[in-house]
Amino acid sequence: MSVLEDAQAMTSGEVSEFRGETTVVVPLAELKASLKKCRDAQGYEMLLDISSVDYLGEEPRFEMVYELATLDDSKHLRIKAKVAEDEDVPTASDLWKTANWHEREVYDMMGIKFAGHPQMERILMWEGYPYFPLRKDFPLAGKESNMPEVAFSGVAPLEGGPFVTSPGATREHGEPRARGES
């Protein structure tokens with residue numbers, strides 16, 4: 001069965017194909033069942049990634065994105081589900097162990113919680129950090145921290161160093177290692 005046929009058999013959700021990649025959009029209420037069917041009935045043994053998108057100003061605000069593949073790497077499938085700001089997403093950690101860390105990262109960076117997750121706590125930021133850094137309403141300059149030794153929004157420690165480029169500059173001026181090569 002092709003990936004497109006897998007997707008059409010899996011759900012009544014919207015199925016699209018673009019540049020050889022198949023995407024299925026399912027309602028949040030059908031997400032867990034769709035993921036389970038992909039694993040059990042259609043052979044998608046691997047969960048490659050879980051990510052999320054913030055559509056600030058739209059409702060629902062978020063979208064979950066799951067990347068699935070077969071062990072022989074012959075088929076890839078993307079599953080998406082829209083999530084409102086106050087909704088929890090069902091965990092996939094009981095389907096794929098790798099979902100544990102992916103879901104914790106999504107929670108830590110976007111604030112989306114996963115119902116039934118065995119360890120729903122931050123993985124990158126410290127416990128008690130009140131913000132979600134990958135949300136579109138988080139300022140690019142960062143926010144002041146009560147823990148300046150842990151997080152800061154001052155000058156980056158490598159600024160001007162050998163591995164830091166300056167955007168908008170010529171190659172010679174923007175890439176310090178390129179000096180003298182042009």
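Every listed requirement among (1) under 17 Å from the mean Cα position of the chain (by Cα); (2) over 18 Å from Glu14 (Cβ atoms) is met by Leu77 save one, (2). Residues that are of a type in the set (Phe, Trp, Tyr) and in a loop (DSSP other than H, G, I, E, B) were ranked within the range 112-143; the one that is nearest to Ser52 (Cα to Cα) is Phe132. The single condition from (1) at positive phi; (2) at pLDDT 95 or above that Gly128 fails is (2). Of the residues contained in the range 102-111, none is found to be modelled with pLDDT of 95 or more, more than 11 Å from the chain's Cα centre (by Cα) and either within 19 Å of Val24 (Cβ to Cβ) or part of a strand (DSSP E or B) (or both). Of the residues that make up the range 55-75, is at least one among the hydroxyl-bearing types (Ser, Thr, Tyr), under 22 Å from Glu105 (Cα atoms) and in a loop (DSSP other than H, G, I, E, B)? Checking the range 55-75: at least one residue is among the hydroxyl-bearing types (Ser, Thr, Tyr), under 22 Å from Glu105 (Cα atoms) and in a loop (DSSP other than H, G, I, E, B). Scanning the range 90-98 finds no residues that are more than 14 Å from the chain's Cα centre (by Cα), modelled with pLDDT under 95 and of a type in the set (S, T, N, Q).
Inside the range 16-33, residues that are more than 24 Å from Met109 (Cβ to Cβ) and either among the polar types (S, T, N, Q) or free of Cβ contacts under 8 Å to residues at least 12 places away in the same chain (or both) make up a count of 7. Before we move on, is Lys82 basic (Lys, Arg), modelled with pLDDT of 95 or more and either at positive phi or touching a strand residue (DSSP E or B) at 6+ places or on another chain (Cβ under 7 Å) (or both)? Taking the combined requirement at face value, the residue satisfies it.
Here Lys32 qualifies as part of a helix (DSSP H, G or I), under 26 Å from Lys97 (Cβ atoms) and modelled with pLDDT of 95 or more.
The set of residues from the range 29-72 being aliphatic (A, V, I, L, M), within 21 Å of Pro133 (Cα to Cα) and loosely packed, with under 14 Cβ neighbours inside 10 Å comprises just one member, Leu56.
For the range 1-28, filtered to residues that are in a helix (DSSP H, G or I) and buried (at least 20 other Cβ atoms within 10 Å of the Cβ), the residue that is modelled with the lowest pLDDT is Met10.
The values are calculated or read from the model by the stated rules, or taken from the named source; none is laboratory data. None of these values were measured; they are calculated from a predicted model. When we count neighbours, we look across all protein chains shown, and the Cβ atoms used for this are built from the backbone with ideal geometry, even at glycine.
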